[in-house]
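All of the numbers you see were taken from the coordinates with simple rules; none came from a lab. All values derive from a computational prediction rather than experimental measurement. When we count neighbours, we look across all protein chains shown, and the Cβ atoms used for this are built from the backbone with ideal geometry, even at glycine.
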2 protein chains.
Amino acid sequence: MARTAHPDDVFSAIAEPRRREVIAVLANGREYAVNDIVLSVKMAQPSVSKHLGALHRAGVVTMVRRGRHRMYRLNAAGLKPVHDWVKVFERYWTHQIDEIKQRAERKALERMIRLNDSSTEKKEE
Amino acid sequence: MARTAHPDDVFSAIAEPRRREVIAVLANGREYAVNDIVLSVKMAQPSVSKHLGALHRAGVVTMVRRGRHRMYRLNAAGLKPVHDWVKVFERYWTHQIDEIKQRAERKALERMIRLNDSSTEKKEE
DNA sequence: TTGACATATTCCTATATAGGAATACATTGG
DNA sequence: CCAATGTATTCCTATATAGGAATATGTCAA
């Protein structure tokens, strides 16, 4: 029973490769009617509409009706949570600190922590 | 029929909030036995094992058997594709360029493009 | 109005997967 | 070998959702 209940979450929204394709079309920041997008990606119109709907619920795109068209535009700010989250790990590949050295440091730290931490206190319970 | 078939994709892997919790525990780069993680997050052991399995298949963690333990460690490089993908949109919120101005520029460009592009050629078909 | 066009929605079927419970498997100490 | 410990796997049920097809809805033009 997937109680996960994370629809409308931006992380879930971008998990779909098709959805990222749609986002790629919108990436230049301009607005597009649904059919414009349909022509750019290899998907049926209902699929595109559904994906746009999901992206909209996740706050990744904005929509405005214009005549018989619905113009969609990327709302990049909706992707910021993802950026903020993943940015934390950036240092692991940007500093090209010697991996061996890094690991040695971590192990030393680990050992210290185990001295205070092992079996006597088991986290907070 | 969700032919999506994107299991083992890092974007899908991190879509699960629980999985991000597990990653948060590993975020310091140190290695952890499964039970260490179980104690840190509020989840049953089988769930943690399953999530670790998914993260492992997605290349987000590495695992090494040590005695009867399995030590898991974050493989931050596995998250790089996400970082690279989302980084493209960074400029939309970092430059605090006047939104109105930005939009005007885009519209002008849009208009120009429509002159060459509308109805005459319909993308590549 | 009516018809053409643009887009959304609904119905269907199939897949993926979360979590709980029970259990299997693996490793080590004795 | 055996018991204990650490972890993975399997079975189950329920949810979320993708895509296709058909259709509904909305909006403009004449």
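Quick notes
- Region A:1-77, relative contact order [Cα under 8 Å, separation at least 6], %: 34
- Measuring between alpha carbons in the structure, the pairs from A:Lys42/B:Lys50; A:Lys50/B:Lys42; A:Lys87/B:Lys50 lying more than 32 angstrom apart are A:Lys42/B:Lys50; A:Lys50/B:Lys42.
- Annotation for A:His6, label-to-label distances across the other copies: 1.4 nm (shortest first, one decimal, point 7 Å from Cα along Cα→Cβ).
- Rounded to the nearest 20 debye, the dipole magnitude of region A:1-75 is 220 debye, with +1 charges on Lys and Arg beta carbons, -1 on Asp and Glu beta carbons, and the Cα centre as origin.
- Nearest chain A C-beta to the A/B rotation axis, reported as residue and distance in angstrom, is A:Ala15, 2.
- In the assembly of identical copies, A:Arg91 has its label point, taken 7 Å from Cα in the direction of the beta carbon, separated from the corresponding points by 2.8 nm (ascending, one decimal).
- 7 Å along Cα→Cβ, label-point gaps from B:Arg65 to other copies, nm, shortest first: 6.3
- Efficiency of FRET between B:Arg66 and B:Lys87 - r from beta-carbon atoms, R0 41 angstrom, step 0.05: 0.70
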